[in-house]
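Novice: Here it is: the structure, laid out below.
The values are calculated or read from the model by the stated rules, or taken from the named source; none is laboratory data. Note that the structure is a prediction, hence the values are computed from the model and not measured. Glycine gets a Cβ as well: all are built from the backbone with ideal geometry, and neighbour counts include every protein chain shown.
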Amino acid sequence: MSLDLHKLEHLVAVAEEGSFTRAAARLHLSQQALSTSIRALEREVGVDLLDRGGNTVTVLDAGNALVEDARVLHGVARSAVQRVRRIGRGEAETLRIGHTPAVTGEEVAALLSRAHAARPELSPEVNQRYPHELTQQLVDGELDIGLCRAMTGAHGLVRNVLTHHRLHVAVAADHRLAGRDTVQLAELAEEPIMVWGHPGRSGYTDLLVDHCRQAGFEPHVRRTPIQGTPPVNAVLGTDCAAFVTTAPGPAAGGRVRVLDLQPPRFVPLYALWPQHTTSHARDAFLATAAG
C-alpha cells in the first residue's frame, strides 16, 4: 500500500491543532473535506487514528505513531525534491549546517577548515539554532546536519559523536578566582554555576551537573537569562562560574577569564542528520570532521 502525503499532512494538522475547526482553517479546507480525508486515511491503514468523542479530538496511540512518521516522511520528500531540482538545474550543493549555542562558532569553523582542506569545493551555510529549532528543521529537511552537545536524536534522526572537547571554567574578570590559571573541579562546590538549560530538561545541563556530582558535590545552578550568546558571556555581571570549551586565558575583550579545569573533563560534540536523505556534501563533512 502507499500513503498519501496530503492525507498525512491533514492528520498532522489535526494532531497539532487539537481541533478539526482550527486544522481546517490552517489547511484552507472545509471541515467536511478534512474529516473525509482523515476517514479515508483510517480506512487505508486499517485502524482508528483519532478519538472523536466529546468536544475534543484525541490522537490515539496509533495516530501519534503515524504523526511521528508523517513528519519524517514529509522531510524526506522535501529533501528529495530540493536535491533533484538542484541536480536538474546544475546548481552546486550547499551544506546547510545548524548548531546550538553550546557549540561555538570557532569550533564549527575548525571543523569546516578541516573539511575544506580535504574538499575545497565544499560550500557551507552555517546558522545557530536553539535545540528545539534545530530538531524541527532537521526533521523538516531544512538542514542537512546539526551540531550539538547532548541532544538526544529525535525520531527519524541519526546521532553520532564527532569528537570531544575539553571543559574549562569561565568567570568574570572581577571574580575571586579570576587571578588563577587553574581550578579544581571540587573547588566549585560553593560557587553558583551558570547553565543554559533547565536541569532535567536539557541534556547538556544534565551532563554538566553529572560532572559535578562525580566530583562529590551537588552544584548550585542558575539558568542564564541571556540565551544564544557565546557561552563565555554567561558570567558577565554575575558571581557565577560557567563550564565552557573556550581555551584558557582572557575572553570577551578581557571581561572574562577562562581557567584550566583539573582534573580534565570532556564533553562530546554530536552530529545529527535526517535518516534516509542523501547529501554528498554532508558525507564529505562527516568523513573529515570525526576525530
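Novice: How many residues are within 17 Å of the chain's Cα centre (by Cα), of a type outside the set (Asp, Glu) and under 20 Å from Phe266 (Cβ atoms) when one looks only at region 183-207?
Specialist: The number of residues fulfilling the criteria is 8.
Novice: From the set of residues in region 32-72 that are part of a loop (DSSP other than H, G, I, E, B) and among the β-branched types (Val, Ile, Thr), which is surrounded by the fewest Cβ atoms within 10 Å (Cβ to Cβ)?
Specialist: Restricting to residues being part of a loop (DSSP other than H, G, I, E, B) and among the β-branched types (Val, Ile, Thr), the top hit is Thr56.
Novice: Taking the condition of a type in the set (Val, Ile, Thr), more than 30 Å from Ser79 (Cα to Cα), in contact (Cβ under 8 Å) with a residue 40 or more places away in the chain and outside any strand (DSSP E or B), does Thr278 pass?
Specialist: When the stated conditions are applied, Thr278 does not pass them.
Novice: With Ala242, Ala247 as the choices, which residue is among the small types (Gly, Ala, Ser), touching a helix residue (DSSP H, G or I) at 6+ places or on another chain (Cβ under 7 Å) and outside the structural domain of Glu142 (by TED's automatic domain parsing)?
Specialist: Criteria check complete, one pass: Ala242.
Novice: I want to confirm something. Restricting to region 222-254 and keeping residues that are surrounded by 15 or more Cβ atoms within 10 Å (Cβ to Cβ), over 23 Å from His99 (Cβ atoms) and not hydroxyl-bearing (Ser, Thr, Tyr), which single residue is nearest to the chain's Cα centre (by Cα)?
Specialist: Filtering first and then ranking leaves Arg222.
Novice: Could you check how many residues of region 268-279 are touching a strand residue (DSSP E or B) at 6+ places or on another chain (Cβ under 8 Å) and crowded, with 19+ Cβ neighbours inside 10 Å?
Specialist: The total comes to 7.
Novice: Would region 156-168 turn up any residue that is loosely packed, with under 15 Cβ neighbours inside 10 Å, out of contact with any Ser or Thr (no Cβ under 6 Å at 6 or more places or on another chain), free of Cβ contacts under 8 Å to residues at least 24 places away in the same chain and closer than 25 Å to Gly254 by Cα?
Specialist: No: region 156-168 contains no residue that is loosely packed, with under 15 Cβ neighbours inside 10 Å, out of contact with any Ser or Thr (no Cβ under 6 Å at 6 or more places or on another chain), free of Cβ contacts under 8 Å to residues at least 24 places away in the same chain and closer than 25 Å to Gly254 by Cα.
Novice: Then there is this: State which residue pairs qualify: first residue closer than 18 Å to Leu60 by Cα and free of Cβ contacts under 8 Å to residues at least 40 places away in the same chain and inside region 12-37, second residue in a helix (DSSP H, G or I) and not hydrophobic (A, V, I, L, M, F, W, C) in any location, beta carbons under 7 Å apart, and separation of 6 or more residues or different chains.
Specialist: Pairs found: Ala13/Arg26; Glu17/Arg26; Phe20/Gln31; Phe20/Ser35; Ala23/Glu17; Leu34/His10; Ser37/Lys7; Ser37/His10.
Novice: Now, a different point. For region 135-159, how many residues meet the condition of being under 18 Å from Pro231 (Cα atoms) and among the aliphatic types (A, V, I, L, M)?
Specialist: 3
Novice: So if I check each of Arg282, Arg257, which one is assigned by TED's automatic domain parsing to the domain that holds Ala186 and either polar (S, T, N, Q) or surrounded by 16 or more Cβ atoms within 10 Å (Cβ to Cβ) (or both)?
Specialist: Only one candidate qualifies: Arg257.
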